Amino acid sequence: MVPGMTNHGGHEPVFCTVVPPHVLDKLAQAEDPALARPARRTLQRDAFERTQRRLTTVIGAPAVALAPDAEPDKPQRTVYDARHGTELPGTKVRGEGDEPGKDATVNRAYAGLGATFELFLKAFERNSIDGNGLPLDATVHYEEEYNNAFWNGEQMVFGDGDGEIFLDFTIPIDVIGHELAHGVTQYTANLTYFGQPGALNESMSDVFGSLIKQYTLGQTAAEADWLIGAGLLAPRVTGKALRSMKEPGTAYDDDVLGKDPQPATMDDYVRTGRDNGGVHINSGIPNHAFYLAATALGGHAWERAGRIWYDVLIGGELKSQALFTDFATLTVSAAKSRYGDGSDEFQAVQKAWEQVGVRTL
Ligand SMILES: [Zn+2]
């Protein structure tokens, strides 16, 4: 397939919510109704939105035209306010180039869309999510006590959180980036959202989500926290984020939320039917491989490790059913073709997969 080309042929779309269903299931069982109620409501909403997403895909999403005044190197952002309802997209509150308003949530969503656009353009010469200037839309203040955020295939949607477990979902910029990166995967390798290809899909979003945060903060691989969703958990929760790429399985360990279930290596690979076959669980393994490669190389992670991962994502050889081994093998050959056989990059990538127990062919 041509890099950057749309691939919509017959695949189930990704409906990824930031907070995976297995976490909300656990919360829904909490004894305290103040914790259980928002989780149950969120699960119901997510089920509804997931169905909507399927219908949209079957019928065919409307073609998105580039705004007539769009410049190829500028984002086209629009932020809407759902005013605690569920009608999408809601009322327009900020368009491209508009001054920031009083609502910090609107401003964070606008900035997050911009940061995502910026990384893909500056680091990878990609013009928006589809490579063709796709306008970036986001809706904030979705529903009440809504404990999630998602990309529905056409736009971003953010809840305010219940304030008990989760805070405002526009807070972590890497979460915004994670969701939009699902759009990039959807338009390129279109990894199937189940089992190992699904965990690779999730991992791509964590990798690019983290790179967006690192790029925005100007951090090196050594300086980055490698957390996904830092700042999202309310103070009462014992935990620092949703996931850790540096130390998968250590992001949280909480009475209500349970313990972060992510493995770091194939030795602890989790076989499960939950969470689409563990897409948010086993993504810890490729996440950790990226972390290991990026920190071994040092410097800005988007420059070399990120470039190799991106090369594979858009290169046309990554099949939608790819397993960890397939992806790992492609990253090693991408490192070889871009940087040379025996280069630091080639060695760092090969060693990273070895360390997490994924075989390269
Ligand atoms: Zn995701």
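The values are calculated or read from the model by the stated rules, or taken from the named source; none is laboratory data. In this text, all values refer to a predicted model and were calculated from it rather than measured experimentally. Methodologically, a virtual Cβ is constructed for each residue, glycine included, from the backbone with ideal geometry; neighbour enumeration extends over all protein chains shown. Side chains are part of the model used for accessible areas, which takes the heavy atoms of the whole protein and leaves out ligands, DNA and RNA. Shrake-Rupley method; radii C 1.70, N 1.55, O 1.52, S 1.80 Å.
Things to note:
- Applying the criterion of being polar (S, T, N, Q) and in a helix (DSSP H, G or I) to the residues of the range 87-107, the residue that is farthest from Pro135 (Cα to Cα) is Thr105.
- Residue-level check: of (1) outside any loop (DSSP other than H, G, I, E, B); (2) in contact with a Cys (Cβ under 9 Å, 6 or more places away or on another chain), His280 misses just (1).
- The conditions of being touching a helix residue (DSSP H, G or I) at 6+ places or on another chain (Cβ under 8 Å), open to solvent by 10 Å² or more (accessible area, probe 1.4 Å) and over 24 Å from Leu217 (Cβ atoms) are not met by Leu292.
- Note on the range 48-78: residues that are in contact with a Pro (Cβ under 9 Å, 6 or more places away or on another chain) and either among the aromatic types (Phe, Trp, Tyr) or modelled with pLDDT of 80 or more (or both) total 4.
- Some residue of the range 167-185 being more than 14 Å from the ligand (Cβ to nearest atom) and farther than 17 Å from Thr105 by Cβ: no
- Of the residues screened, Lys240 is not one that is surrounded by fewer than 16 Cβ atoms within 10 Å (Cβ to Cβ), in contact with a Phe, Trp or Tyr (Cβ under 9 Å, 6 or more places away or on another chain) and at pLDDT 95 or above.
- Given (1) away from the ligand (no atom under 11 Å from the Cβ); (2) open to solvent by 10 Å² or more (accessible area, probe 1.4 Å); (3) in contact with a Pro (Cβ under 9 Å, 6 or more places away or on another chain), index of the condition Tyr193 fails: (1)
- Residue within the range 236-244 that is more than 15 Å from the ligand (Cβ to nearest atom), touching a residue at least 24 places away in the same chain (Cβ under 8 Å) and outside the structural domain of Leu136 (by TED's automatic domain parsing) present: yes
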